[in-house]
Amino acid sequence: MKKESALCGLLLFTLLPVSAQKKLPTVKASHILTSVKALAPNYTDTVISIDVMSNVDYTVSTSESWINAVSQNVEENSNALYFAVAGNPTKTEPSRSAVITLQDKENTIAKKVTVKQTANPDLVYYNPIIDRSLPDPSIIKANDDYFYLYATEDIRNTPIYRSKDLIKWDFVGTAFTDATRPTFEPNGGLWAPDINYIQGKYVLYYSMSVWGGGETCGIGVATSNSPQGLFLDRGKLFRSNEIGVHNSIDPFFIADNGKNYLVWGSFNGIYAIELSADGLSIQTGAVKQQIAGTAFEASYIHKRNGYYYYFGSWGSCCEGLKSTYKTVYGRSTSLLGPYVNKQGGSMMDNQYDVLIQGNEFFKGVGHNAEFVSDNEGQDWIIYHGYSVKNYNGRVLMLDKVQWINDWPYVEGSAPSSEAIRPVF
């Protein structure tokens, strides 16, 4: 029998784990393959068989490189061709298909089979991970080993969700009640919370504002002994007209070199200022410092390998499917900057690189939460966006962040619809 792809297939076969080589399950190629589970990082334990006529020479071709002929008559008394399936469905291709074509010596197509493979449902997640409006998320892993997520109050009084795996989320309750919610901005909404654990307390920074209230909006702080709340409001840290920064919203807390800092701002400059040791007040004598330009809001700073990465959101956040929001970034060797893009352009001059932007499925993607690392050291980003297919406000999204030469990227610079889930 003539087998053009047999050599490559044989190499794949010999690289399979020993346990898989001893007993390889087979399925008819006309069947749809589902729930394929890897025995090793790059190979599955699946072999496909196609029944053929004996004593006939076939030319075999496959449309995709991940499926290759292994050998003929692997099983005794079997007139069949066998094909090894290499690897698992990937993040960009959780479902995939290939065509196997058999031709006889007259080049007549004797058999043509489409093989479909879908990743194990237990390994795949689908965006959005929460299909309801939860804008401006913030996340923390608490002492009880749950991840807790907080969001702008499209659910009144600041919603709290929790999860073990970043995929399945349960509603816990709210950080405040109508009786305990902050009141320093009359009729103000609670926006863009930022959750932290400082000196044995869960510390929640929040913005309080009304649309168009750029001079009187501000940032406050609340504390709790539990990530589930309730949170006790400790009052405002400052208003815009007190700190001298118009539209003072979107707080982000970071500790660095023994000091605490608050980073904030929305399209009027991004600023940082030192906080007290407990994080509940501005440090005496502290002076604000601008660290990024006027094109950004929704600040987050991530420390990795000696660099500080500033992530912000650019564009319009809240115009539904017309929103232009996208997540952008730069990096620095110092917390307070200067932050630059890959070309050396300064974020003070509104230069940036794009991490993730809208595509045909999701629009207005931005205001990310803190990065989370899974048990395999993979980094994940949670953010909000509008679903084109099922418009339901700013729903919750998840994607993997990868790194090349200490620069981050998301596959395709766009949201995934389905992907391999984090490992916990």
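Here the extension length gained between residue 177 and residue 241 equals 20.3 nm, from 0.36 nm per residue of separation less the Cα-Cα distance. The Cα center of segment 125-167 and the Cα center of segment 178-201 differ in position by 16 Å.
State the percentage of accessible surface on segment 212-281 attributable to carbon and sulfur atoms; use a 1.4 Å probe and exclude ligands, DNA and RNA. Solvent-exposed carbon and sulfur of segment 212-281 make up 45 percent of the total.
For residue 417 and residue 304, the FRET efficiency from 1/(1 + (r/R0)^6), where r spans their Cβ atoms and R0 equals 22 Å, is about 0.20. Place a point 7 Å from the Cα of residue 378 along the Cα-to-Cβ direction; which residues of segment 148-170 have their backbone N under 14 Å from it? Counting only backbone N, you get 165-167. Along its three principal directions, the equivalent ellipsoid of segment 366-424 from the Cα gyration tensor extends over semi-axes of 21, 13, 11 Å, largest first.
Label point of residue 197 set 7 angstrom out along Cα-Cβ; within segment 139-155, amide nitrogens under 12 Å from it belong to 140-148. Sketch the reach of a paramagnetic label on residue 215 as a point 7 Å from Cα along Cα-to-Cβ, and name the residues of segment 221-240 whose backbone nitrogen lies under 12 Å away. Counting only backbone N, you get 240.
For segment 337-415, with all protein chains in place and a probe radius of 1.4 Å, 41% of the accessible heavy-atom surface sits on carbon or sulfur.
Computed from the Cβ-Cβ distance with R0 of 22 Å, the FRET efficiency linking residue 114 to residue 361 stands at 0.30.
Near the amide H of residue 189, within less than 5 Å, lie the amide hydrogens of 209, 210, all on another chain or at least 5 residues away, with H placed in the peptide plane. Per-residue packing, averaged as other Cβ atoms within 10 Å, sorts the ranges 351-357, 231-237, 401-407 into the order 351-357, 231-237, 401-407, beginning with the highest. Every Cα-Cα pair in segment 216-283 was counted, and those over 17 Å apart are 44% of them. Remark: segment 294-353 carries 41 Å² of accessible area per residue (probe radius 1.4 Å; ligands, DNA and RNA excluded). In terms of packing, defined here as the mean over residues of other Cβ atoms within 10 angstrom, the peptides 280-293, 329-342 line up highest first as 329-342, 280-293.
Computed from the Cβ-Cβ distance with R0 of 35 Å, the FRET efficiency linking residue 101 to residue 324 stands at 0.15.
Using the 1.4 Å probe convention, the accessible area of segment 140-292 works out to 40 Å² per residue with neighbouring protein chains retained.
In order along segment 354-363, phi translates into HN-Hα couplings of 8, 8, 8, 9, x, 9, 5, 9, 9, 10 Hz, rounded to whole numbers, per the Karplus curve 6.51 cos²θ - 1.76 cosθ + 1.60 with θ = phi - 60° and x for Gly and Pro.
The values are calculated or read from the model by the stated rules, or taken from the named source; none is laboratory data. Since this is a predicted model, take the numbers as computed values, not measurements. Neighbour counts run over all protein chains shown; Cβ positions are idealised from the backbone, glycine included. Areas reflect the complete protein model, heavy atoms only, side chains present, ligands, DNA and RNA absent. Shrake-Rupley method; radii C 1.70, N 1.55, O 1.52, S 1.80 Å.
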